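The values are calculated or read from the model by the stated rules, or taken from the named source; none is laboratory data. These figures come from a predicted structure and were not determined experimentally. In this analysis, Cβ positions are derived from the backbone assuming ideal geometry, glycine residues included, and neighbour counts consider all displayed protein chains. What goes into the accessible areas is simple: the full protein's heavy atoms, side chains included, and nothing from ligands, DNA or RNA. Shrake-Rupley method; radii C 1.70, N 1.55, O 1.52, S 1.80 Å.
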Amino acid sequence: MAVSENLLDAIRKAVGPGGWIDDEVGMEPYLVEPRGLWRGTCAMIARPDSTEAVAAVVRLCAEAGVAIVPQGGNTGLVGGGVPDGGIVLSTARLNRIRDVDAANHTMAVEAGCILAEVQDAALEAGALFPLSLGAEGSCQIGGNFATNAGGVAVLRYGNARDLVLGLEVVLPDGRIWNGLRGLRKDNTGYDLKQLFIGSEGTLGIITAIVLKLFPPPRVSETALAAMADVERVLTLFTRVRDECGDALSAFEMISRIALEFTVRHIPDVADPLDSAHAYYALIELTSPRSGDNLRESLESVLAAALEDGTIEDAVIAKSQSQCESLWRIREFIPEAQKSEGGSVKHDISVPVSKVPEFIHRASQGAVAMLPGTRVVSFGHVGDGNIHFNLSQPVDADADAFLARWDDFNQIVFDITFEMGGSFSAEHGIGQLKRKHLVHYKSEVEVDLMRRLKMALDPDDILNPGKLV
Ligand SMILES: Cc1cc2nc3c(=O)[nH]c(=O)nc-3n(C[C@H](O)[C@H](O)[C@H](O)COP(=O)(O)OP(=O)(O)OC[C@H]3O[C@@H](n4cnc5c(N)ncnc54)[C@H](O)[C@@H]3O)c2cc1C
């Protein structure tokens, strides 16, 4: 639907000076997805700086029947924030920390706060906000909740969904729902906030959030252990979890080829062990109790694992810089993979107990379809969430490899489905995975989702063409 000049003028008035962008150059960063997979169009970027101004923009667009695409840091990986007409509503100027309630262990923040700034604000208040992911320097907290972001601390603290007590949301008709409660117990009917979390901007615009805070870690230990096969990665995970309990805050799997790619392509990354091993686990223990001897715990569990052949070797970081070097291997795998030509990515989850079976079956399926395909698997194995990426055969044509994207997806997602897993563990649906949603979710689930969308946004104003 065309956007009239009258509507654009009314939006300009509602958001005030500095509250919109409508020139080609200024709009560019909001129209492109960082990896260049999609390019959108829209009439204006509205940048309101208050919840009331967001509501005013939504009311105007709803009356005119014009679509709004909410956008945070634009780091999403499924094209959810890319517009197809209408306007983009950026939350970048809603960036205030509203309140820190130390005794309640909560902090109320506006949607446009950058995740790293939220973490810093929590630390300044003597607390931890544990959500942590590769894009934390640019993604916004509203975007994190709109996508139910995961990241590297899910094992101990849960997804975004688990880190929230209250929300403020502008509904598709422009009403404001103030659900900014800081309550840990509130059994008064449907848990409405959870409807909006993970809804990818299709049900409402999140404008503020009450976050849960935790005691900050005062001691931590990091190790990289090496194993001969993926079954042993699972054995080690179970053992570390059983012996170290809550102290286990991250358990990330890295396959040999993923480590080789980072060593080959990323500056200042070296193989920390003397010989090659099939799989590695990056393990982090943390505790808020400064007296806890985590090193002893880690040494003891790794020594026993070495003794009985679960692991082949291990290194425990002796300094902060060694710890950062170990994490650098894990964090730079996606970047390193770019230098190896075309890659087809899958962000799946299966029950933790089935991770080895999944990796065997999906690897066999992918390589059988295209011999020479290189399986680069890594990820949050403690959450059953594997980034099952496929790199093109050496010296193959990247475009020919990428043309098989859907074929690879089908093999990997069918196996995931058969194993009771999810075809999108972290990154959501956006526009990339809509067809998979309809294919792999039951009719009942898809019907319920569509009914919810129709109930809240019957005119399809918010983020049309995404998710459902
Ligand atoms: C290097 C890198 C690493 C990443 N690692 C992870 C990871 O470990 N785990 C993970 O889960 N994700 C990861 N991501 C994906 C991405 O960072 C997350 O999805 C993040 O939560 C998106 O936040 P954003 O502010 O950039 O949202 P955007 O990309 O701007 O938007 C994402 C979706 O949310 C909607 N939206 C945004 N803000 C709002 C709002 N206030 N109200 C309603 N809807 C809104 C948009 O319409 C869109 O559909 C990674 C991305 C990159 C580039």
(message) Can you say whether Q194 is over 16 Å from M107 (Cβ atoms) and at pLDDT 95 or above, as far as the supplied structure shows?
(response) yes
(request) Among what's in segment 436-463 and is in a helix (DSSP H, G or I) and among the acidic types (D, E), pick the residue that is nearest to G198 (Cα to Cα). (result) E445
(request) Check off (1) open to solvent by less than 10 Å² (accessible area, probe 1.4 Å); (2) out of contact with any Phe, Trp or Tyr (no Cβ under 8 Å at 6 or more places or on another chain); (3) modelled with pLDDT under 95 for V355 and give me the number that stays unchecked. (result) (3)
(request) Within segment 368-388, track down each residue that is of a type outside the set (D, E) and within 13 Å of the ligand (Cβ to nearest atom). (result) F378, G379, H380, N385, I386, H387
(request) Test S255 against the stated conditions and say whether it is crowded, with 20+ Cβ neighbours inside 10 Å, among the polar types (S, T, N, Q), in contact with a Ser or Thr (Cβ under 8 Å, 6 or more places away or on another chain) and touching a residue at least 60 places away in the same chain (Cβ under 8 Å). (result) yes
(message) Looking at (1) under 30 Å from G309 (Cα atoms); (2) open to solvent by 60 Å² or more (accessible area, probe 1.4 Å); (3) not β-branched (V, I, T), which one does D271 not meet, given that it meets all the others?
(response) (2)
(request) Would you kindly identify the helices (runs of 4 or more DSSP H) lying entirely within segment 90-199 that contain at least 3 residues that are open to solvent by 50 Å² or more (accessible area, probe 1.4 Å), on the phi < 0 side of the Ramachandran plot and more than 16 Å from the ligand (Cβ to nearest atom)? (result) 115-124
(message) Given the criterion under 19 Å from the mean Cα position of the chain (by Cα) and open to solvent by 10 Å² or more (accessible area, probe 1.4 Å), identify the matching residue among F378, F388, F332.
(response) F332
(request) Test each condition in (1) more than 25 Å from I386 (Cβ to Cβ); (2) in contact (Cβ under 8 Å) with a residue 40 or more places away in the chain; (3) exposed (fewer than 15 other Cβ atoms within 10 Å of the Cβ) for S297 and report the one that comes out false. (result) (3)
(request) Run T238 past the list (1) in contact with a strand residue (DSSP E or B) (Cβ under 6 Å, 6 or more places away or on another chain); (2) outside any strand (DSSP E or B); (3) surrounded by fewer than 17 Cβ atoms within 10 Å (Cβ to Cβ) and report the number of the one that doesn't hold. (result) (1)
(request) Taking S325 as the residue in question, decide whether it is buried (at least 17 other Cβ atoms within 10 Å of the Cβ) and either without any contact (Cβ under 8 Å) to a residue 60 or more places away in the chain or of a type in the set (K, R) (or both). (result) yes
(request) Tell me, please, whether a residue that is closer than 28 Å to T75 by Cβ and touching a residue at least 60 places away in the same chain (Cβ under 8 Å) can be found in segment 440-452. (result) yes
(message) Quick check on A247: is it away from the ligand (no atom under 16 Å from the Cβ), open to solvent by less than 40 Å² (accessible area, probe 1.4 Å), more than 21 Å from I359 (Cβ to Cβ) and more than 22 Å from the chain's Cα centre (by Cα)?
(response) yes
(message) Given the criteria in a strand (DSSP E or B) and either within 11 Å of the ligand (Cβ to nearest atom) or more than 27 Å from L133 (Cα to Cα) (or both), does V54 qualify?
(response) no
